[in-house]
Amino acid sequence: MSFSLWPAIGAAQRPESQPAVPSRGSLDRTPFLDSWIRIAADGGITVFTGKAELGQGIATALRQLAADQLVVPFERIALVTADTAQTPNEGYTAGSNSMKDSGTAIMHAAAQVRELLVGLAAQKLSLPAEQLTARDGAIEATDGRRVEYGILVADQMLHVNAQPQTKLLPRSTASSAGKPVPRVDIPRKVTGGVAYVQDLRLPGLLHARIVRPPSYGAQLQSLDESVLGNVTGVVKVVRNGRFIAVVAEQEWQAIVAMRKLAGAAKWDLPAALPAQTSIHERLRQLPAQESVIAGENNPPVATTGAGVVAATYRRPYQMHGSIGPSCAVAQMKDGALTIWSHTQGVFPLRAAITELVSMPIDKVRCIHMEGSGCYGHNGADDVAGDAALAAIAVPDRPIRLQWMREQEHAWEPYGPAMTMQARATLGADGKVASWQYDVWSNTHSMRPGKAGHLAAGPLLEKPFAPPPPQPLPLPDGGGDRNAIPLYAFAGTRVVHHFIPEMPLRVSALRALGAYANVFAIESFVDELALAAKADPVEFRLKHLEDSRAREVITNVAQRFGWSTFKGSKTGVAKGRGFAFARYKNHAAYLAVALEVDVDRTTGEVRVGRVVAAIDSGAAVNPDGIRNQTEGGIVQSLSWTLLERVTWDEHRITSNDWSRYPILRFEQLPKRVEVQVIDRPDQPFLGTGEAAQGPTGAALANAIADATGARVRDLPLDRAQVKAALGS
């Protein structure tokens, strides 16, 4: 039932001159206030978000926003995240959009709830609203009378539509926003609490493991289940086509049974994978959909000639490398299926699982729990589908299903391999006179929504084929994310070559195509600066008109001591590197400078000091923004120095940490300094993915500065650097 209190209560309290708010985030799509804020009769306040806490700190920041607009202590706010039975449908938690979408919605919803409460109190106390103030969970009158929030809403549900305008309290009145409130998700992670879905243990829990095919196209010839005759604790072998799971009372029993079954399975293993050494050439040969995404009327830059500078950059397939293998818990009980998952989209996952198990959508519930490793489309959704199939086969008791390490590495969807080609001409004034940029890439999202998106879908006796891959539209984009430079280059022309065929399974990895595109563009900008005999920072500023972009660049250059840096190119070579980007060209601004030592004998790269500045609009929790930026820098260093998926003609071979190395503690930078530029009067721009591209490019630029050798193919590992030095 819906009704409105606004004409009587809210209208008189909003100045007619107040300007309309251009966007209220997800509140525009889910306008009922009680979808976001609910107040119980005892005064308890619960905030709801369709976004998932992935370790990015939104469970803290969203509480801060609600607390300030409702004028209650931070501790009074409870938060429910991403649950198909309770929260608004906000799609995926992706693209650094949580604060822009959900944060904006909650801030406006909380402010409007506060105004409704003031109006209800005005009626109850027979006083003008102007004589009332919200404070500490109550509405107080100038005459000393006080009415608790819970009393005001006891007979009045907040099931009313949000109004077009919102009377937000200014930052100057905030007791929480803008301050480094300790993150609420950290204590249980460092004290052994139930922090992740991997930790979840429900009463009567069973354990399951999967017998995965050895490769994408492997066909099952036979399976001898009799090998489980002497394995204790086995409850059931679940078999549906090529999907095989074993359910047991204890986890180790499930692992033993899985290994025995795997040894007894005979597969036909086709030689279906392309040669790894020529994968970029192979991708360039595949049919591609070409689209000119910038400068359609500008002519292409010549491939050779006076003043032409050209370079090609390559990114390999890279994986999420989640520290905890993907896990889900599922229970089929009383005709309803409940799944606990670290998916980034509970509603799309529910749609995929509904199709996978042929159940009505109102009988399937997906509840988000954090996973120990995420940021993109890893195996979380796949393992949820696996657990659902096991739970259907063994009803009533909850089933915990976790992948093994080799399954995680071999079956998760990777970040796609990409090729970026740049050409430019320099004018007599030292500025870019024309710019041509081409990027070749597969899709960057095969996220669920359909059963065929899940790893189990194509394996079933009645298989679900993966839907055709599609490019993601700009302005966010996929393979073309950040392919259009923010710089004011003359004659800019950018072409996206979308490749539908996918030799390896791919989907969303943190920052999508922005990591590789910024790596290529910012590396090439340094190469142009060198050709123009210009300082790299000054060269960038010469081509930038955006004042906020210029501010983060000058901030970092000054704090790093760019103009006074002393390098060395003998023995252990020392160099400096700089890079900048505005994520998606409409989100956070980030610049980074770093220094490296390069051992000219071994090619080993050591990162010293890293200095960064980020402007992501209003900073609700500066410490959270700093956390995200530091984490992004470290992850990008790992990608850029070490990470590459490997395979042979039959299967993925980088299926453990020895064959897919990631950054170790001893390889971390000596120091990371992040300056958060707070703009309290500006919209939220998001933070989580801003550091990926600039960090990789700054590292490449520092190696080139230290050694004089430019490495354009990722990763910049010892072998690549040593080869470049030798040439």
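The values are calculated or read from the model by the stated rules, or taken from the named source; none is laboratory data. Everything quoted here is computed from the prediction, not taken from an experiment. Quick reminder, even Gly has a Cβ in these numbers, built from the backbone with ideal geometry, and neighbours come from all protein chains shown.
Summary table
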read-out: Subset of the stretch 681-727 that is in contact with a Leu (Cβ under 7 Å, 6 or more places away or on another chain) and either in a loop (DSSP other than H, G, I, E, B) or among the basic types (K, R) (or both) - its residue that is farthest from A579 (Cα to Cα); value: D717
read-out: Test: residue in the stretch 345-356 that is hydroxyl-bearing (S, T, Y), in contact (Cβ under 8 Å) with a residue 40 or more places away in the chain and within 24 Å of Q86 (Cβ to Cβ); value: no
read-out: Any chance Q18 is out of contact with any strand residue (DSSP E or B) (no Cβ under 7 Å at 6 or more places or on another chain), modelled with pLDDT under 95, farther than 26 Å from T173 by Cβ and polar (S, T, N, Q); value: no
read-out: Among residues of the stretch 458-493, those that are part of a loop (DSSP other than H, G, I, E, B), of a type in the set (S, T, N, Q) and on the phi < 0 side of the Ramachandran plot, counted; value: 1
read-out: Count of the stretch 18-52 residues which are buried (at least 24 other Cβ atoms within 10 Å of the Cβ) and assigned to a loop (DSSP other than H, G, I, E, B); value: 4
read-out: Some residue of the stretch 231-247 being at positive phi, at pLDDT 95 or above and outside any strand (DSSP E or B); value: yes
read-out: Selection from the stretch 672-727 of residues that are β-branched (V, I, T) and either free of Cβ contacts under 8 Å to residues at least 60 places away in the same chain or in contact with a Cys (Cβ under 9 Å, 6 or more places away or on another chain) (or both); value: V711
read-out: Which numbered condition A271 fails, given (1) surrounded by 11 or more Cβ atoms within 10 Å (Cβ to Cβ); (2) closer than 30 Å to V246 by Cα; (3) of a type outside the set (D, E); value: (1)
read-out: Odd one out for R400 among (1) touching a strand residue (DSSP E or B) at 6+ places or on another chain (Cβ under 8 Å); (2) more than 22 Å from I210 (Cα to Cα); (3) buried (at least 21 other Cβ atoms within 10 Å of the Cβ); (4) not β-branched (V, I, T); value: (2)
read-out: Residues located in the stretch 619-646, provided they are of a type in the set (S, T, Y) and either part of a helix (DSSP H, G or I) or surrounded by 24 or more Cβ atoms within 10 Å (Cβ to Cβ) (or both); value: T629, S636, S638, T640
read-out: G693 small (G, A, S), within 25 Å of S322 (Cα to Cα) and touching a Phe, Trp or Tyr at 6+ places or on another chain (Cβ under 6 Å); value: yes
read-out: Conditions (1) over 26 Å from M502 (Cα atoms); (2) in contact with a Lys or Arg (Cβ under 6 Å, 6 or more places away or on another chain); number of the one not met by P325; value: (1)
read-out: Residue pairs meeting the criteria (Cβ under 9 Å; at least 6 apart or on separate chains; first farther than 20 Å from V247 by Cα, in the stretch 204-218; second assigned to a strand (DSSP E or B) and among the basic types (K, R)); value: none
read-out: Residues (closer than 29 Å to S507 by Cβ and in contact with a strand residue (DSSP E or B) (Cβ under 7 Å, 6 or more places away or on another chain)) located in the stretch 91-130; value: S102, I106
read-out: Number of the exception - S96 against (1) modelled with pLDDT under 95; (2) in a helix (DSSP H, G or I); value: (2)
read-out: Test for R548: is it charged (D, E, K, R), closer than 24 Å to G477 by Cα, at pLDDT 95 or above and surrounded by fewer than 24 Cβ atoms within 10 Å (Cβ to Cβ); value: yes
read-out: Selected residue (only one of Y313, Y317, Y375 is under 29 Å from L641 (Cβ atoms), buried (at least 22 other Cβ atoms within 10 Å of the Cβ) and more than 21 Å from the chain's Cα centre (by Cα)); value: Y313
read-out: Selection count, the stretch 562-610, where residues are at pLDDT below 95 and closer than 16 Å to V518 by Cβ; value: 0
read-out: Matching residues in the stretch 395-443 - criterion: being in a helix (DSSP H, G or I) and either under 30 Å from P203 (Cα atoms) or of a type in the set (A, V, I, L, M, F, W, C) (or both); value: R405, E406, Q407, E408, A410, W411
read-out: Some residue of the stretch 164-177 being β-branched (V, I, T), over 39 Å from the mean Cα position of the chain (by Cα) and closer than 29 Å to S26 by Cβ; value: no
read-out: Count of the stretch 299-320 residues which are assigned to a loop (DSSP other than H, G, I, E, B) and at pLDDT 95 or above; value: 4
read-out: Hits in the stretch 65-110 - residues which are closer than 30 Å to R481 by Cα and small (G, A, S); value: A82, G91, A94, G95, S96, S98, S102, G103, A105
read-out: Subset of the stretch 494-543 that is in a loop (DSSP other than H, G, I, E, B) and over 27 Å from the mean Cα position of the chain (by Cα) - its residue that is surrounded by the fewest Cβ atoms within 10 Å (Cβ to Cβ); value: K533
read-out: Criterion violated by R447 - all others in (1) crowded, with 17+ Cβ neighbours inside 10 Å; (2) over 22 Å from the mean Cα position of the chain (by Cα) satisfied; value: (2)
read-out: Boolean, A698 is at negative phi and modelled with pLDDT under 95; value: no
read-out: The listed residue being out of contact with any Pro (no Cβ under 6 Å at 6 or more places or on another chain), buried (at least 19 other Cβ atoms within 10 Å of the Cβ) and of a type in the set (D, E), out of E689, E673; value: E689
read-out: Residue selected from the stretch 285-306 under the condition surrounded by 15 or more Cβ atoms within 10 Å (Cβ to Cβ) and not aliphatic (A, V, I, L, M), by the criterion nearest to R239 (Cα to Cα); value: G295
read-out: Qualifying residue in the stretch 72-80 (condition: over 19 Å from the mean Cα position of the chain (by Cα), of a type in the set (F, W, Y) and surrounded by 23 or more Cβ atoms within 10 Å (Cβ to Cβ)); value: no
read-out: T87, sole failed condition from (1) buried (at least 24 other Cβ atoms within 10 Å of the Cβ); (2) in a helix (DSSP H, G or I); value: (2)
read-out: Every pair of residues 6+ apart whose Cβ atoms lie under 8 Å, when the first sits in the stretch 541-557 and is closer than 20 Å to H586 by Cβ and small (G, A, S) while the second is at pLDDT 95 or above and buried (at least 17 other Cβ atoms within 10 Å of the Cβ); value: A549/L486; A549/F580; A549/R582; A549/Y589
